[in-house]
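FYI, it's all coordinate maths here, none of it is from the lab. No experiment lies behind these values; they were computed from the predicted model shown. All Cβ positions, glycine included, derive from the backbone under ideal geometry; neighbour counts span all protein chains shown.
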Amino acid sequence: MRNRWYAIPLLGGLLLLCLGVSCSVEKNSAENYLAEAKESIGAGDLERAAAYLDSIALLFPTDLEARREAQLLRDSVRWQERELLRTTLQTKYKELTQAIAQLTSDFTLTPEGSTEALETGRHYRHRAMPTPPTAPGLTLITSTSPEGWFEVTHYYIGTKRLYGSALTLILSDGTRSSATPLSEDGAHYAHFASGGLHHETLQLPPHAAKEIGALLYRADSLQITPQVELLQNGMVVASYPLPKGTQEAHFKTARLAHLLQEREAIRTRGERNQALLKQRP
């Protein structure tokens, strides 16, 4: 029994020694993480620095001094990341603007106030696109607004209006692309003109431009003539081949719509990032 009482102070001393060693190891490890983060910042590797700094609070919860220093460095890294993002977005925006300018040299911009613009809005249309038909049949014209909305317009001569709720392009190898309007309200509309000329415009969601453009590009490359189908409530209400002479114009229009959408997304992201930068103390 007596020996046990003598052992208690010894055990306590060993415990305190272990805790001291543990704290020392923890502090040295936290300092190593801080050193690695600072080295990464100096090298411009902000992603690696952020990973080290974010780990300190999780791995060394008792080292308050290291955590405070890590937080200050993390705030600095965050602002540097936003400054870098601003530069990156500005560069990307300029590249997209140049690509759009080069592509639109083959396009005409329908001015607001024209008869067609009243129905489809102000938009770009490739110069190789056909004009509205003057004989019975169906004609597909694609266009895009300056904001990037991708639109398809069906012109035809007939005795009744043609209402479609979806567009499908089908290749001879079975590949198909389907797109539906963004919503029922304002996404599609029809117009009846004298002489039996009808047209309907479908305003398609952003992903449709990329999807349809890729399919049309493939069709043009493989010398395949796509079949165009208009569907209403799942039923085909019109079907006709897409003329070979307009395939390239269609996929270039889809490409332009995609570029315009991408540039608009970059602009919105840049404005949001700029607002955050203005909050810097």
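Could you work out the local net charge near Ala128, counting Lys and Arg as +1, Asp and Glu as -1, over the other residues with Cβ closer than 11 Å to its Cβ?
+1
So, counting K/R as plus one and D/E as minus one, what does the shell of residues with Cβ under 13 Å around Leu216 add up to?
With Lys, Arg at +1 and Asp, Glu at -1, the neighbours total +3.
Once you put a point 7 Å from the Cα of Gln227 and another 7 Å from the Cα of Thr88, both along the Cβ direction, what distance in nm separates them?
4.6
Which residue, chosen from Leu216, Thr246, Gln279, occupies the Cα position most advanced towards the positive end of the dipole of the range 198-281, where the dipole is computed from +1 (Lys, Arg) and -1 (Asp, Glu) charges on Cβ about the Cα centre?
Result: Gln279.
Using a Förster radius of 35 Å, what is the FRET efficiency between Glu39 and Lys210 based on their Cβ-Cβ separation? Nearest 0.05, please.
0.25
Can you give me the distance in nm between label points at Arg272 and Ser29, each placed 7 Å from the Cα along the Cα-to-Cβ direction?
3.7
Strictly over 23 Å apart at the Cα level, which of Lys94/Lys252; Lys210/Lys278; Lys38/Lys94; Lys38/Lys278; Lys92/Lys252; Lys92/Lys210 would you flag in this model?
Correct reply: Lys210/Lys278; Lys38/Lys94; Lys38/Lys278.
Can you give the local net charge around Ala254? Use residues other than it whose beta-carbon is closer than 10 angstrom to its beta-carbon, Lys and Arg +1, Asp and Glu -1.
Taking every other residue near Ala254 into account, the sum is +2.
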